[in-house]
Amino acid sequence: MKSNTHIYRIPWRLMRKKWRHSLLMFSVVICYTLFSAFSYGQRITFTYKNVSLEQVLNHIKKSTGYDFLYNSKLIPNNKRITLSVKDADLESVLDQCLAPFQLSYEIQDKTVLIRPAAKQASANQPSIMTAQTQQSVQGTVKDAQGQPIQNVTVRIKGTSIQTKTDQQGNFQLTFPAGGGSTVEFTSIGFATQERPVSTAAMQIILEAATDEIDEVVVVGYGAQKKIHVTGSVAQINQEELTRAPMTNVSNMLTGKLPGLISRQTSGLPGSDQANMTIRGFGTFNDSSPLLLVDGVERPFNNIDPSDIESVTILKDAAAAAVYGVKAAHGVILVKTKRGSANDDVTIRYNNSFSFSNNTRFPEFLNGVDYAKWHNRARELDGSNGYFSDEDIEKIKNGDPDGKLGNTDWLGLLFKDYGLNKQHNISAYGGNQKTQYYISAGLMDQDGIVPNASFKRYNVRSNVDVNIRNEVKLAINVAGRKEDIAHPGFAIAPNNGYNPITQAIRALPIIPDTYNDIPTATGSSASTWNPIMAANESGFNKNNRYVFESSLDLSYEIPYIDGLRASIFGNYDHNFTENRNFLQSYYLNKYNVATGQYVRARADGTSELSSLFQGSSNGALMTVRPTLQYDTKINNHSIGALFLYEYRQTRGSSFQASRRDFLINDIPELSFAQEDVANSIRGSSTQTKIAGYVGRFNYGYADKYLAEFSFRYDGSYKFHTDHRWGFFPSLSLGWVLSKENFFQSDKVDYLKLRMSAGELGKDNLEAFLYKSFFAFTTTPVYAFGTSPLANYALYATNSVPSFDLTWEKTRVINAGAEATLFNGKLNAEFDVFYKYTYDILQGIAGVYPPSISNNYRTLENSGEVSARGFELALTHSNRINDFGYSIKGNLSWARNKVLKRTQSENVPSWQNIIGQPLGGVYGFEALGLYQTQEQIDNRPTGPGGVQRLGDLMYNDYNGDGKIDTYDQVRIARSATPEMMFALAPDFSWKNLHFGFQLQGAAISNVLISGLYPNGTMDQTEFARAFYGGGNAPYYLVEGSWTPENTNAKYPRLGEAWNGNNGWTSSWWVYNGAYLRLRQAYLAYSLPKQVIEKLRFKEVKLSVSGNNLFTFDYLKYMDPEMPSNNNGYYPQQRTINFGIDVSF
């Protein structure tokens, strides 16, 4: 909300009361039962007559949650008991129950061990040692490839006694003698295995889950076995995610999840994240997915990757419908790590040191070559060159006067490498009562440009407490501090004062200093010196403090197996401070035409240094009471979920600017002498969203599956008549491999699934159904010639749009999952169709001028469709000590505009209906003028002059002139329609090696053309000496000259020619690429070595990211922004890491 805009405030107090009443109706019973659960079951009451002891013990188990271990032969079937107790404790009840049977007991944690009562020992008879009542099992768990599996649950079957394997796959479990005969091994993604208790070391090999799919995947508000999932879901675990360190999570995900489309356009520290969509663009408004971390809407780019357990994307309506309001274009779920009940603690430390440099950047002319090529360009323009042979000799060998030189400005600006450091230390473990994961981390990312850096400090604590067997509490607390530092001149594309832009435009024919003063070049008032811009322009600092917390209290309701009530709440708070200090500095500016230096203040600075300081606060609160039911009755699996979710945000901001500092070394507002006019501003915001969620699952014999889900959402953005939306979905699954008629010795598992549903998004600004007003910033009333100091209140919108509603997306998805050849090959395929309607769009220019502004400017009338497919394949095998796996995925998504407002007289070739989103329109270039006859016989150009070597455009409509009516669709969107990846992974004994090839296709990039403000012009990479600056070698060497008529680029020249600056097909490149995204080599020290060092695991690694690329752009990265003046290149990194646990 703009600070100078006053809006009508809605009655928050009334809404608060309504919310309280709604929430109370649903949650009062849940809250009561949750909080009363602390005292439930502490005392025991029952009355039994003539029943077996086993019946009594079962009642005690249900009432208290305690397990019982005993030999069934100890309890005679023909002996009965009559007993009545009221409000008694466990011990007294056990004494009364067991004494008639001459039995005794021992309580260990939540287990009661029953044994024969010991005979009274004589005074000289030794007592029985406790150790004689204990026994243990130990061993190692590995996968089919021989790799240790961590966090496998090892349980004495039928009891709650369990532990988990460590990083080497080792386990040891102690339990009462005679307390069990079978050990059960379970882990996500592997088939459950059972073994008899043995005193010998157990060597367990877990096979990948096949026909009994045990893998668990994260879904909306919970988790499901993969065999039961009927929606389109993709998931990646922490191990695969972090094999090669990267600075943010979004870049780690690139190419690893089918359906996720990503594009990284910058390598700037703190701003190098990838732009992500799921299944491409589905609207011409915001198509970004909903991001959730541990069930709360939060950004995840700057989460420490070491804290992440898994990342899941929900792609279709069946998977995402429960998230309603913002899930129309997919959901990304991030789950952080938790502790385990393994009666152990593990401390883990990992770090990486990375060296980064540019993946690509063009080589620009040195001083000698610049002088020669610049002279040639002026000669072709019909002017004399600036540089004589004597000048060129001075540039080459040194100027006695010190005026001329040979300076590589880009070489001086770009460091040899940027150093990135990441550290994380964590402690995790627990027992049956409490499990915990605690971590702290640091990342320090140093850029290749001086004074460009990003630092992150993070802590996290995830604790789970089993208050009683049926009551559990989960508490998550995390904090993060993020510091972004840039020079006073921002490093951003299309910023003329950007140090990278200045390095391109500073001429290489001068020394870096003259008379001990830094030098500069530049046309008109420009003063280009990148080193001073990076080091002396001041600073631009962004400091962000983030606090995140959540609490989940759950209660398993007794007597109804599978029924659970819970209440979830979170509170997040963030504070951001921006400080931009811009100070003046002076340079010796060289005039190329006169050959003289003049002292000048750096362009972009003022005589008085200035400081902008702003801050913002944001808070998020979520409350979510939930009822969940899961049970299995014979072959029937039944599940239900119902919840209410309320979400509220509050925010405020403040900013001020002052200038004229007494001392530049103390850049604080109080040390400035003058306020900047109209700079003191403030604003506040508040949002509220509520929704009801339901989900019902049914499965028969794990063969026939069905799921229905819905969300009923309300958003503050809409008028009360259109505030609520209902979004349902239905999905079905069929496991063919479980049918009797399905007989195959090659196909282990085959499931077909299909889903359909509708999703919604409140993709618009708030309160458009109201009239907006604002005050003018200057006096507007005048009588005679003198304006009065009065301000006017004016309307900022014409007619309120009362009936605006949700943007809706209908999705149909069909998929198949298969496992073949005894688990060696896994395949998953999805095909989808999306139809988005009621898209908000402007309708200005549609109505005739005669009705003035008396019409609505917005309406829900746009429509877009999208279709595509995803394929994922995984092959794994092991041959003796050598194991390998190969993962591949392919995604394709194409959208089409079905309905969008356009002028009625738009030419058919410019009609966007039926075309994909993001297309670029411009002139079709036919080539370069090669003869004067071509020029004489061509239609008049769109602007500029037409000479030999200049671009020749197609007169598409044949009217004898080139104008905007001749513009056609010349390029696809820069966001690729297709993404693909191939990731082989190999292991041999303690060595681990792998790499990922990742690519994209069906996209275009432009190196010249359309600027963000709509201006058409060339760029530094498409026109030699752009802006009076330097030029890349490829451009001058490939430009048209009389000696090089078969040229790749238009006529060489110094002077600007508008004819060649129009957006045209000449500057369009195929955006497809294949990149070695990452490669890694790791070595784990042998077990006998780390045991001597008292470690659990020590792993050394070396890896690399963005190592090389095959594409159609030779000099720039294919993921660069389409308009690339001054862009910060993507980075290639080499990483060295160590991972130690003990």
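The values are calculated or read from the model by the stated rules, or taken from the named source; none is laboratory data. Since the model is a prediction, treat every value here as computed from it, not as a measurement. We place every Cβ from the backbone using ideal geometry, glycine too, and count neighbours over all the protein chains shown.
Overview of values
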{"read-out": "Qualifying residue in region 345-364 (condition: touching a residue at least 60 places away in the same chain (Cβ under 8 Å), of a type in the set (D, E) and more than 30 Å from I1007 (Cβ to Cβ))", "value": "no"}
{"read-out": "Wholly within region 79-133, strands (runs of 3 or more DSSP E) carrying at least 3 residues that are on the phi < 0 side of the Ramachandran plot, at pLDDT below 80 and loosely packed, with under 10 Cβ neighbours inside 10 Å", "value": "none"}
{"read-out": "Tally of residues being in contact with a Phe, Trp or Tyr (Cβ under 7 Å, 6 or more places away or on another chain) and part of a loop (DSSP other than H, G, I, E, B) across region 1030-1062", "value": "6"}
{"read-out": "Residues of region 676-725 classified as assigned to a strand (DSSP E or B) and not aromatic (F, W, Y), total", "value": "25"}
{"read-out": "Residues being surrounded by fewer than 21 Cβ atoms within 10 Å (Cβ to Cβ) and under 15 Å from W1067 (Cβ atoms) - total across region 1124-1142", "value": "0"}
{"read-out": "Region 430-447 - residue that is touching an Asp or Glu at 6+ places or on another chain (Cβ under 8 Å), farther than 17 Å from N476 by Cβ and not polar (S, T, N, Q) and, of those, modelled with the highest pLDDT", "value": "M443"}
{"read-out": "Within region 232-249, considering residues that are modelled with pLDDT of 90 or more and either buried (at least 24 other Cβ atoms within 10 Å of the Cβ) or hydrophobic (A, V, I, L, M, F, W, C) (or both), the one farthest from the chain's Cα centre (by Cα)", "value": "S232"}
{"read-out": "Flag for A492 being in contact (Cβ under 8 Å) with a residue 60 or more places away in the chain and farther than 30 Å from I392 by Cβ", "value": "yes"}
{"read-out": "Residue count, region 395-413 (criterion: without any contact (Cβ under 8 Å) to a residue 60 or more places away in the chain, out of contact with any helix residue (DSSP H, G or I) (no Cβ under 8 Å at 6 or more places or on another chain) and farther than 18 Å from N515 by Cβ)", "value": "2"}
{"read-out": "Top-ranked residue in region 1066-1102 [being of a type in the set (S, T, Y) and buried (at least 18 other Cβ atoms within 10 Å of the Cβ); ranked as farthest from the chain's Cα centre (by Cα)]", "value": "S1084"}
{"read-out": "Hits in region 299-308 - residues which are of a type outside the set (S, T, N, Q) and surrounded by 19 or more Cβ atoms within 10 Å (Cβ to Cβ)", "value": "F300, I303, D304, P305, D307, I308"}
{"read-out": "Residue tally, condition surrounded by fewer than 19 Cβ atoms within 10 Å (Cβ to Cβ), closer than 25 Å to L69 by Cα and either basic (K, R) or within 39 Å of the chain's Cα centre (by Cα) (or both), over region 154-192", "value": "6"}
{"read-out": "Residue satisfying all of: in region 448-487; outside any strand (DSSP E or B) and at pLDDT below 95; nearest to Y66 (Cα to Cα) among these", "value": "N469"}
{"read-out": "Selection from region 501-522 of residues that are assigned to a loop (DSSP other than H, G, I, E, B) and under 9 Å from N1030 (Cβ atoms)", "value": "A506, L507, P508"}
{"read-out": "Test: residue in region 983-994 that is farther than 27 Å from E1054 by Cα, crowded, with 18+ Cβ neighbours inside 10 Å, under 25 Å from the mean Cα position of the chain (by Cα) and of a type in the set (D, E)", "value": "yes"}
{"read-out": "Some residue of region 990-1001 being in contact with an Asp or Glu (Cβ under 6 Å, 6 or more places away or on another chain) and under 30 Å from Y884 (Cα atoms)", "value": "yes"}
{"read-out": "Matching residues in region 806-845 - criterion: being polar (S, T, N, Q) and modelled with pLDDT of 90 or more", "value": "T809, N813, T819, N826, T836"}
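Okay, residues lined up against (1) part of a loop (DSSP other than H, G, I, E, B); (2) over 21 Å from A244 (Cβ atoms):
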{"site": "I1090", "(1), (2)": "no, yes"}
{"site": "K1114", "(1), (2)": "yes, yes"}
{"site": "P1121", "(1), (2)": "yes, yes"}
{"site": "V1140", "(1), (2)": "no, no"}
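A quick yes/no check of all residues on (1) exposed (fewer than 15 other Cβ atoms within 10 Å of the Cβ); (2) part of a loop (DSSP other than H, G, I, E, B):
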{"site": "R599", "(1), (2)": "yes, no"}
{"site": "E607", "(1), (2)": "yes, yes"}
{"site": "F612", "(1), (2)": "no, no"}
{"site": "P625", "(1), (2)": "no, no"}
{"site": "Q628", "(1), (2)": "no, no"}
{"site": "F642", "(1), (2)": "no, no"}
{"site": "R658", "(1), (2)": "no, no"}
{"site": "I666", "(1), (2)": "yes, yes"}
